[in-house]
Each structure stands twice: as structure tokens, then as C-alpha cells.
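Worksheet for the structure shown next.
The values are calculated or read from the model by the stated rules, or taken from the named source; none is laboratory data. Quick caveat: nothing in here was measured; it's all calculated off a predicted structure. Using ideal geometry, Cβ is built from the backbone for each residue, glycine included, and neighbour counts are taken over all protein chains shown. The accessibility values were calculated without ligands, DNA or RNA, using every heavy atom of the protein model including side chains. Shrake-Rupley method; radii C 1.70, N 1.55, O 1.52, S 1.80 Å.
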Amino acid sequence: MQAPPPPSPRRDYRAAAIRLVAWAVFLLLAWFAATWAWRQPFMAAVRMGFELSRMAPPDALAMPVRGVDIARVADTYGAPRGLDRAHEGVDIFAARGTEVLSATPGIVASIRDTGLGGRQVWVIGPARQRHYYAHLDDWAPELGEGDVVLTGDVLGYVGDTGNARGTPPHLHYGVYGSGGAYDPLPLLREGARRAAAREAGP
Ligand SMILES: [Zn+2]
């Protein structure tokens, strides 16, 4: 009987090279699969959430009620409400049923009918600030939690639900940053100024 020949070192290199190529092909396919999934519609909210978290807080806000002149929005942020509350937003008066529009891009975080706000929509916007649209007569049909919205998308319609019941229909609009509520009126005025400049043209 003859002893088997010792394994050739060349064959070891080849096996290692094959393993390396197999890994490279696997990683490439995994990369393509991940890239494909990231671009699919079902990933839109995840993608938007990532983009929003990287955005700076807004330096202007779009008018959230269709057709309302910014000059008609009263400065009532911080005004006393009852004994222990202050007004954490602005009230924008308009005919019942006027469209309520998203002031920023964002993700619809909550649609509910509860408490002082009545029918309300919460949108997570740039820098993950929360935008509160309250006293709605109704929500936009088909609007759902987790939906991606762009500036100007219809969220609902002006009404008097919640503690606004019986008062002239209006949107209560509030913005909450990491430090709590802040007055959106200066940013709404800046948004109106820019919109007017766009309309005037170059
Ligand atoms: Zn209000």
C-alpha cells in the first residue's frame, strides 16, 4: 500500500478563493435586495422618518387652512385659557368645511377624536417636531396613520369639535418641538411672505 500524496497547497488557495468569491456575490445580492426594498412604496414612511429626523426645524410654515390671509390670523399664542392653561397655538378661522392642509412634509402619527381638540390629526414633521391640527369637522377620506404627507396635502376640514363646540369654526394649530410648544405665527408669516414672493415672480 502506498501512502496518499500530501495535499497540494495550491488546492487550499483555490478553496479559499472560491469562498471569498461566494461571499462577495452574497454581499452584492444582499446589497441589491436592501436597496430594492428601501425604494419600495411600503418603505416610504421609514424613508421619510429617516429624512425628517435629519432635517433642521422649519424656518417657515405653509398656511394650514386653504385661502386664509395671514393678516387675519390673530396672535393668541400664550393667551390664558381658563385658570391653569395657556393657549399653545394659533386659531385660524374659516368657513366650516374649508380644507386643512399640512404645513410641512411629515408622517401622520395619529388621527383621533378625543378631549379638548376633538377630531384631530398629529403629524411628525422636520426635526421630528409634532404638528397638531385640532377641532376638525372631519378628516380627509383615506387619510391613515403612518401616511406620508407633503406640504399642502389635505388632512381634514375646519370645524368646531372638542372644546370649540359652538364657537365659530376654526383650526387650532400647534407645534411642539423638543422643548415643548412654541409660537408658530412668526414662521407662518415667513411662509406667507415667501409664497407671496413666489407668486410675484422673479
Ligand atoms: Zn386654539
Inset, instruction - Keeping every protein chain in place, order GLU142, GLU88 by accessible area at 1.4 Å, biggest value first, i.e. largest first. - result: GLU142, GLU88
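Report the gain in length on full extension from ALA197 to ALA109: 0.36 nm times residue separation, minus Cα-Cα distance, nm rounded to one decimal.
Working: separation 88, 0.36 × 88 = 31.68 nm, distance 3.21 nm.
Here the answer is 28.5 nm.
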Inset, instruction - Could you look at the chain and say what percent of its accessible area is carbon and sulfur, using a 1.4 Å probe and all protein chains? - result: 60 percent
Legend entry - GNM top mover of ASP113, ASP12, ASP147 - the chain, alpha-carbon springs below 10 Å: ASP12
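Once you have a ≥ b ≥ c as the square roots of the Cα gyration tensor eigenvalues for the stretch 70-200, tell me rounded if a/c is under 1.5, and otherwise prolate or oblate according to whether a/b is larger than b/c. Display every interim value, and only then the final one.
Numbers: a/c = 1.25, a/b = 1.07, b/c = 1.17.
The shape class here is rounded.
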Inset, instruction - For ASP69 paired with HIS87, estimate the spin-label separation in nm (one decimal), with each label point 7 Å from Cα along the Cα-to-Cβ line. - result: 2.0 nm
Legend entry - Potential lengthening between ARG130 and TRP38 on full extension [0.36 nm per residue; Cα-Cα distance subtracted]: 30.6 nm
Inset, instruction - Using only Cα atoms, tell me the angle between helix 44-54 and the longest principal axis of the chain; keep it within 0 to 90° and round to the nearest 10. - result: 80 degrees
Legend entry - Sparse-neighbour loop sites [trypsin sites (Lys or Arg not before Pro); the stretch 78-163; at most 13 other C-beta within 10 Å; DSSP]: ARG96
Inset, instruction - On a 0 to 90° scale, report how tilted helix 185-200 is relative to the longest principal axis of the chain, with both axes built from alpha carbons and the result rounded to the nearest 10. - result: 80 degrees
Inset, instruction - Please identify which residues in the stretch 117-137 have an amide N closer than 17 Å to a label point set 7 Å out from the Cα of ASN163, following the Cα→Cβ vector. - result: 117-121, 132-136
Legend entry - On Cα atoms only, tilt of 9-39 relative to the major axis of the chain in degrees: 20 degrees
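Starting from 0.36 nm per residue, how many nanometres of slack lie between PHE50 and ARG96 once their C-alpha separation is accounted for? Could the numbers behind the result be given before it?
Numbers: separation 46, 0.36 × 46 = 16.56 nm, distance 3.55 nm.
Result for the pair: 13.0 nm of gain on full extension.
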